[in-house]
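See below for the structure under consideration.
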Amino acid sequence: MIEITNDQTAVDVKIGDLKKDAQYLLDLINYADFDLHIFLTTPAKIQEFNKEFRGKDAATDILSFAYYPDLKPGQRITLPLTDPDAQDEKYLGDIVICPEFVKNDLPNWKPESFEQHMQVLLVHGVCHLLGYTHDTEKNETIMQAQEKALLEKVRAQN
């Protein structure tokens, strides 16, 4: 299930489209029955999160908080599906996006529209939840290839 919480009012976000894209993305990566929470927030709130969890005292466009932080790129989450309690473990994590930051940063991403860049960020965030990183040049290359492949499919379904 995709849950979206929107506590900001500065930018109109097409919540239905974001939710549809998120579910399609989970379907693509074979985690259709996993939960994902997307939190749309203000620059001040994302700055708080960035400072607390990354030690960076600045607003940013997106943060990802993986439920399985030790997952490696390409590794599958395996659950004991016969265990009824395992259903609670079907959670990829949280993605926090600051639409106001995204809108203000949009000139750096031309010719993408706001909605297109939100798709980029959604794919980026989900890739982080799946263990992909861009902490080294090699890891960044691997992550970018995965993002490109997923983004093309998400955009093709629209």
What pairs come out if I take residues in the range 20-43 that are more than 20 Å from Gln116 (Cα to Cα) and pair them with residues that are buried (at least 17 other Cβ atoms within 10 Å of the Cβ) and hydroxyl-bearing (Ser, Thr, Tyr) whose C-beta lies under 7 Å away, six or more apart or interchain?
Phe34/Tyr91; Asp35/Tyr91
Requiring at least 1 residues that are surrounded by 13 or more Cβ atoms within 10 Å (Cβ to Cβ), among the acidic types (Asp, Glu) and out of contact with any Cys (no Cβ under 8 Å at 6 or more places or on another chain), the strands (runs of 3 or more DSSP E) wholly within the range 1-72 are 35-40
If I filter the range 40-51 for residues that are touching a strand residue (DSSP E or B) at 6+ places or on another chain (Cβ under 8 Å) and of a type in the set (Asp, Glu), do I get at least one hit?
no
Can you name every residue in the range 119-158 that is over 16 Å from the mean Cα position of the chain (by Cα) and either within 18 Å of Ile95 (Cβ to Cβ) or not in a helix (DSSP H, G or I) (or both)?
Asp135, Thr136, Gln157, Asn158
Which residue, of Glu112, Glu140, is within 16 Å of Lys72 (Cβ to Cβ) and either touching a helix residue (DSSP H, G or I) at 6+ places or on another chain (Cβ under 7 Å) or surrounded by fewer than 17 Cβ atoms within 10 Å (Cβ to Cβ) (or both)?
Glu140
Of all residues being among the charged types (D, E, K, R) and under 19 Å from Leu92 (Cβ atoms) in the range 32-60, which is modelled with the lowest pLDDT? Just the residue, please.
Asp33
Boolean, Asp88 is in a helix (DSSP H, G or I) and closer than 20 Å to Asp35 by Cα:
yes
Looking only at the range 107-158, filter to residues that are touching a Leu at 6+ places or on another chain (Cβ under 9 Å) and among the acidic types (Asp, Glu); which one of those is nearest to Leu28 (Cα to Cα)?
Glu115
Per-region count, the range 91-118, residues assigned to a loop (DSSP other than H, G, I, E, B) and either among the β-branched types (Val, Ile, Thr) or touching a residue at least 60 places away in the same chain (Cβ under 8 Å) (or both):
1
Enumerate the pairs (first residue in the range 2-15 and in contact (Cβ under 8 Å) with a residue 40 or more places away in the chain; second residue anywhere and of a type in the set (Phe, Trp, Tyr) and surrounded by 13 or more Cβ atoms within 10 Å (Cβ to Cβ)) with beta-carbon separation below 8 Å, excluding pairs fewer than 6 apart on the same chain, so at least 6 apart or on different chains.
Val11/Phe114
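The values are calculated or read from the model by the stated rules, or taken from the named source; none is laboratory data. Just so it is clear, the model here is predicted, and its values are computed rather than measured. Every residue, glycine among them, receives a Cβ derived from its backbone with ideal geometry; neighbour counts consider all protein chains shown.
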